[in-house]
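Reading through the structure tokens given below for one structure.
The values are calculated or read from the model by the stated rules, or taken from the named source; none is laboratory data. Predicted model only: the values in this text are computed from it and were never measured. Cβ placement follows ideal geometry from the backbone for every residue including glycine, while neighbour counts extend to all protein chains displayed. Accessible surface areas use protein heavy atoms only, side chains included; no ligands, DNA or RNA. Shrake-Rupley method; radii C 1.70, N 1.55, O 1.52, S 1.80 Å.
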Amino acid sequence: MKPRAVATSLADAMAESAAAIERELDLLLDIGDGPERRLHEAMRYASLAGGKRLRPFLVLQSAALFKVSRASALRTASAVEMVHCYSLVHDDLPAMDDDDLRRGRPTVHKQFDEATAILTGDALLTRAFEILAEAATHSDPQVRSELVAELASAAGGFGMVGGQMLDLLAESLALDVAEVTRLQQMKTGRLIAFACEAGAILGKAPVQQRRALRAYAHDLGLAFQIADDLLDAEGDAALVGKALRKDAGAGKATFVSLLGAERARSQAGILADQAAAHLDSFDAEADALRRVARFVIERKS
Ligand code: GRG
């Protein structure tokens with residue numbers, strides 16, 4: 001009975017957080033009056049409705065550890081989700097993964113057009129930084145500046161975008177496990193790590209606690225990516241909401257192609273346990289973060 005109760009309460013917490021983020025994104029993404037409103041509609045299409053909202057959940061939970069105000073946490077969480085949504089819109093473009101379906105709906109370039117999809121990504125990315133820089137996000141400009149610098153580093157050329165470049169080259173590079181690990185840490189790990197550390201930045205947390213969250217995020221990000229590779233290899237496209245089996249089709253090295261599904265699964269389990277163990281210095285207030293570590297490897301979408 002107990003595991004079921006725990007799972008239900010994490011699902012409830014994630015659903016409550018997803019609903020709050022949806023409301024915040026709705027408030028933060030205005031629609032203008034001019035003909036350019038097509039762009040604003042596409043930004044809302046890309047960000048509202050669907051998705052697990054994992055990164056915003058990590059921001060809200062890490063912020064709660066340090067008693068950060070709900071308004072600060074929600075704005076920061078929304079900025080992170082905007083960067084994530086921008087990356088999905090651009091990743092789906094014909095020049096990249098060329099996908100027709102995302103979160104169970106037509107991708108932005110299918111629903112609108114390619115140029116609008118490029119601009120949608122650009123505008124979501126810049127809106128995210130605008131939100132972090134605004135005084136409503138935190139009263140201390142030093143904190144806002146640190147949020148901006150850390151998110152830029154996580155999302156930029158030595159983070160997510162650099163990882164995406166490596167991913168595009170991966171078909172011709174015959175990467176080994178260490179190289180795939182580096183690629184994935186850049187492509188997905190850095191943004192997840194920012195989400196976990198954002199609460200510590202907002203709450204001006206002591207360095208030890210910030211380090212613990214960073215270590216947690218490192219293992220969580222890798223576990224998440226291995227689970228993503230397993231979903232691509234074995235998942236149900238209807239549940240995932242996008243086309244699957246693309247990595248094998250493209251001959252790309254993944255954790256599953258390099259380790260085999262069973263070793264990849266066991267590695268993900270070890271990483272999830274390790275991630276939770278990094279939070280030992282926190283009380284029950286970190287329980288949701290501990291449970292998320294299992295959620296990311298057990299998810300079906
Ligand atoms: C194009 C600049 C640029 C970057 C793209 C993150 C990324 C880099 C591409 C996404 C493609 C992809 C499927 C990556 C694998 C891991 C991942 C980020 C999956 C999607 O994240 P989820 O599962 O998605 O959290 P939801 O829809 O739940 O938010």
Determine whether segment 85-93 contains at least one residue that is small (Gly, Ala, Ser), under 30 Å from Ala286 (Cα atoms) and open to solvent by 20 Å² or more (accessible area, probe 1.4 Å).
yes
Segment 52-86, residues that are within 15 Å of the ligand (Cβ to nearest atom) and touching an Asp or Glu at 6+ places or on another chain (Cβ under 8 Å)
Arg53, Arg55, Pro56, Ala77, Ser78, Tyr86
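Of these, Ala149, Ala128, which one is exposed (fewer than 13 other Cβ atoms within 10 Å of the Cβ) and either at pLDDT below 95 or not in a loop (DSSP other than H, G, I, E, B) (or both)?
Ala149
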Neighbours by Cβ (under 7 Å, 6+ apart or cross-chain): first from segment 229-244, charged (D, E, K, R); second open to solvent by 50 Å² or more (accessible area, probe 1.4 Å):
Asp232/Arg245; Asp232/Lys246; Asp236/Lys300; Lys242/Leu101
The residue that is modelled with the lowest pLDDT, considering only those in segment 154-176 that are over 26 Å from Ala79 (Cα atoms) and either within 21 Å of the chain's Cα centre (by Cα) or assigned to a helix (DSSP H, G or I) (or both), is Glu171
Can you find a residue in segment 218-228 that is surrounded by fewer than 19 Cβ atoms within 10 Å (Cβ to Cβ) and either on the phi < 0 side of the Ramachandran plot or in a helix (DSSP H, G or I) (or both)?
no
Is segment 196-208 home to any residue that is assigned to a loop (DSSP other than H, G, I, E, B), out of contact with any Cys (no Cβ under 6 Å at 6 or more places or on another chain), away from the ligand (no atom under 13 Å from the Cβ) and of a type in the set (Lys, Arg)?
yes
Quick check on my filter: what residues within segment 44-81 are buried (at least 24 other Cβ atoms within 10 Å of the Cβ) and closer than 17 Å to Thr120 by Cα?
Ala46, Ser47, Ser78, Ala79, Val80, Glu81
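Go through segment 238-259 and report how many residues are open to solvent by less than 80 Å² (accessible area, probe 1.4 Å) and either closer than 28 Å to Arg290 by Cβ or assigned to a helix (DSSP H, G or I) (or both).
First pass over segment 238-259, keeping only residues open to solvent by less than 80 Å² (accessible area, probe 1.4 Å): 240-244, 246-247, 249-259.
When the remaining residues are screened for being either closer than 28 Å to Arg290 by Cβ or assigned to a helix (DSSP H, G or I) (or both), the result is 240-241, 246-247, 249-250, 254-259.
Going through segment 238-259 one residue at a time, the tally reaches 12.
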